[in-house]
1. What full-extension length gain, to one decimal in nm, is calculated for GLN244 and GLN167 as 0.36 nm per residue of separation minus the Cα-Cα distance?
2. Quick one: if you take sqrt(5λ) for each eigenvalue of the C-alpha gyration tensor of the chain, what semi-axes come out, biggest first, whole angstrom?
3. Where in the chain are the helices, taken as whole DSSP H runs, whose Cα atoms extend 27 angstrom or more along the long axis and whose Kyte-Doolittle mean reaches at least -0.5?
4. Taking the DSSP beta bridges in the chain as the whole, what percent of them are antiparallel, to the nearest 5?
5. Taking the Cα centre of the chain as the origin and placing charges on Cβ (Lys, Arg +1; Asp, Glu -1), which of ASN182, ALA319, ASN330 is farthest toward the positive end of the dipole?
6. In square nanometres and to one decimal, what's the mean projected area of the convex hull around the Cα atoms of the stretch 155-197?
7. Viscosity 1.306 mPa s, temperature 10 °C: Stokes-Einstein D of the stretch 145-273 from its Kirkwood Cα radius, in µm² per second?
8. Among the lysines, which fall within straight-line cross-link reach of LYS278, defined as a Cα-Cα distance under 17 Å, with same-chain neighbours fewer than 8 residues apart omitted?
Amino acid sequence: MPALHRRQLLLGAASLAAPAVHAQGAPARVVIVGGGFGGATVARYLRAWAPQVQVTLVEPATRFVTCPFSNHYLAGLRSWDSLGHGYGGLRAAGVEVVHAQAEDVDGPGRRLRLDTGQVLRWDRLVLSPGVDMRWDALEGYGQAAAERAPHAWKAGAQTQLLRRQLQAMPDGGVFVMVIPDNPFRCPPGPYERASLVAHYLRQHKPRSKVLLLDAKNNFSKKALFLQGWKALYGDLIEWVSLAQDGQVVRVDAAALEVETAFGTRHRADVLNVIPPQKAGRIAERAGVTDASGWAPVRGEDLASPLVDGIHVLGDAALAGPIPKSGFAANNQGKVVAAALAAELSGQPAPTAWYANTCYSLLAPGYGISVAGVYRAQQGRLIDLPHSVGVSPLDAPPAHRAAEADHGAAWYAAISADIWDR
């Protein structure tokens, strides 16, 4: 697909015509749980498109640290402060921001209980809680083990711990990453992390190695990553697929050792275990998750088919072919905001289009991307035909450098769109 045409599709998918709300009587109350890419977007755009609606955002962190670009921090390419975003801009836009943990949901009573004891009443509830780890999915890997073998799949203290371990790793050491089967947050994320860890090692510990133990045979942008790794790092990165005995079934965090399905043991100097995941806990408490651990949603507005009055978006949602990414969550936030603005004013719902673009950096000046556009069809989400595309193989250095620049520009733009204005 030509780049200009693809960009027009993506922009069109994110630009929704939102109706004005003409409230009658008391203002409608919308409570949003999660102040990340999805929830904070709903809060900002619902206030802009429906100023008479009372919007409350519940988020425990006073400063949100993004998973996107946290791999850059691990490699020393970004500062920690550059990943953090506050909520002053949302407050200035008229959003009530409550820094607390959402504990329980009473769906029939339309109440949300916080860990402070406060109870919030809602007419509509939006859940964008991100992911939680499935601590029982890998033998030996629980929360205590994560302090020795961090996952760093929620940006914060775990990310900083992994950075310190990487810095302390001896030259000639082995960085082992355990990668889960789909679905999980940010499908290309482990492979970007491997790339940037390799970049750091090439600069500071050139005799070291990156070993990837993967529970699947294919992954997002696989051909592009493999080509880039060969060109940039030679044999520094080794990827072991499911078919090659890459599936880890047991972790010994104390010994920094893992065991695969066929009994092969690997020892690490730094062990990065990314376990299987599920929707954030509050989604389960609300009754909107199914046996998969994720929250099924209706394609037209991301409403839960399980509990009336609740919408779920971002990484927690089971949204068909749409990847779990920051771009997708931001786009979904605008869809939900427009749908709620229409619903609460008795107006027809706008047509929902969804989009995703994911940039990955393999080294400074070397970027790749994947993009797609999606739509609802009879409640399901499907790919728009011929809309999914990836960066070309064998692209010249100028193309890779431009994609790296586009990724940095995307991060600056989306941060400003959600928090930093």
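Just so you know, all these numbers are worked out from the coordinates, no wet-lab data involved. As the structure is a prediction and not an experimental result, all values here were calculated from the model. All Cβ positions, even for glycine, are placed from backbone atoms using ideal geometry, and neighbour counts span all protein chains on display.
1. That works out to 24.7 nm of additional length.
2. 37, 24, 19
3. Membrane-span-like by this rule: 397-418.
4. If we restrict to bridges inside the chain, about 55 percent are antiparallel.
5. Final value for the positive-end residue is ASN330.
6. That works out to 3.5 nm².
7. It diffuses with D of about 108 µm²/s by this estimate.
8. Partners found: LYS154, LYS324.
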